[in-house]
Amino acid sequence: MMLYYGIRNKTGLFVVSVEKGSPAEFAGLREGDTLLDFNQKPVMNMDELFRELTKEKIGSAQTLRIIRNKKIMELQIVPVPAKEFKILAKRP
């Protein structure tokens, strides 16, 4: 699917959807983005992303580095407690 969007990167997480009202939506993450790293730590799979999210302080801004339209960008995301927002992940 990443090739469909013109992305030849072999690492990162491809965003297939962003839940309305989620911290990801507020940060500006969009369908078709590729998440490269979280706070300068590479993210290779959902488990790594969840592990990194739980290490950081809830409520404080963290940096996401993404590829969008073949350009690298940085977004700021503010993690919230899991009980405030239900995270759904679908595995292939």
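Structural remarks
- Subtracting the Cα-Cα distance of S60 and M73 from 0.36 nm times their residue separation leaves 2.7 nm of extension gain.
- Backbone amide hydrogens, once placed in the peptide plane, bring Q62 within less than 5 Å of I77, V78, excluding anything fewer than 5 places away on its chain.
- Backbone HN-Hα couplings from phi across segment 65-80 [Karplus 6.51/-1.76/1.60, Hz, Gly and Pro as x]: 10, 10, 10, 9, 6, 6, 10, 7, 9, 10, 10, 9, 10, 10, x, 10
Computed from the coordinates by the stated procedures, all read-outs in this text should not be read as laboratory data. As the structure is a computational prediction, the values presented were derived from the model and not from experiment.
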